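Asks: First the structure, which I've put down as structure tokens, then a few questions once you've had a look.
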């Protein structure tokens, strides 16, 4: 079993399930009453008073780590990584070779052939049709057949799908496909050896950035665009999200990191953590959306509104 630093373990154990889901998977929370919740995936899993209990299975716990291990079947290090949003250092306790852990299997839902509803949803969010077409063509964007959720897929260095985020097109649902590994989040790049990588909190923000580039006549394909699959607050001041750590490992050509995280407390805190954690090895530039907007998607939506106004004939 890998060794996990005791200080990191204590920090992870302090994060209760409600706080974790509110920051990383809010679409999976369903309020029952007051501070009592269940999850959208398992309506018999109740969360209350800092504890959780899955009545249909007879298991429960206190921390988010307990939940990830018992319900999501994460390994212990993976659960700690998911909660802290950073790679956990591992040191072997003994000299004998440890069998590498099997990668989690991504269990994709049934998909439609043409993501019509997902296209319409993204167009309403201001995403340029050129970017939508690109994502469909490169198997980055799909649509589920049952609920018509938009699905944003991330691949590992071997081209194997390892992560998928879902966003409701007719509801406020947000979630991840079972078996998703945050190390391999949604990314867009036409240049395998790109020296610049641009970071975003979500796939839609990354697509928004590319859409702005298309509207302004700039070439977005020369750089890499990476979603961090969400960020959340932590007591540590040098946190590097696991999606970014993995990307930098797989792409040693990267020299500059551009941060386009949200203009809120969580986004600003995450940006500061990345700067502190990586500025000794990379040039890290904090480039948030315009201060008038919360995120990149708000910025592109406003850009589309202004363009439509200019196109309207004067009365």
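Taken together, the values in this text are just the output of simple stated rules run on the coordinates, not laboratory data. Since the model is a prediction, treat every value here as computed from it, not as a measurement. Reconstructed Cβ throughout: ideal geometry from the backbone, glycine too, with neighbour counts over all protein chains shown.
Asks: Using Cα-Cα distances under 8 Å and only pairs 6 or more residues apart, what relative contact order does region 6-84 have, in percent? Provide the component values of the computation, followed by the final result.
Replies: Values: 109 pairs, mean separation 22.8, N = 79.
Result for region 6-84 is 29 percent.
Asks: Using Cα centres only, tell me the gap between region 246-315 and region 155-223 in whole Å.
Replies: 13
Asks: Cα atoms only: what Rg and Dmax, in Å, come out for the chain?
Replies: Answer for the chain, Rg first and Dmax second: 20.0, 80 Å.
Asks: Compute the angle between helix 296-311 and the longest alpha-carbon principal axis of the chain, please, reported from 0 to 90 degrees and rounded to the nearest 10.
Replies: For helix 296-311, the angle is close to 20 degrees.
Asks: Please report how far the C-alpha centroid of region 18-37 lies from that of region 109-150, rounded to the nearest whole angstrom.
Replies: Computed from Cα coordinates, the inter-centre distance equals 27 Å.
Asks: Here is a follow-up. In whole percent, what relative contact order does the chain give with Cα contacts below 8 Å and a gap of six or more residues? If you can, show how the numbers build up before the last one.
Replies: Numbers: 583 pairs, mean separation 44.4, N = 315.
RCO, the chain: 14 percent.
Asks: Could I ask something else about it? Rank-order 181-188, 25-32 by packing density, defined as the average count of other C-beta atoms within 10 Å over each peptide's residues, highest first.
Replies: On the way: 181-188: 25.1, 25-32: 14.9.
Averaged packing, sorted descending, gives the order 181-188, 25-32.
Asks: Helix 265-278 versus the longest principal axis of the chain: what is the Cα-based angle in degrees, 0 to 90, to the nearest 10?
Replies: Taking Cα atoms only, the helix is inclined about 80 degrees.
Asks: Also, quick follow-up: Report, for the chain, the % of DSSP beta bridges that are antiparallel, rounded to 5.
Replies: On the way: 29 of 41 bridges.
Antiparallel bridges make up about 70 percent of those DSSP assigns within the chain.
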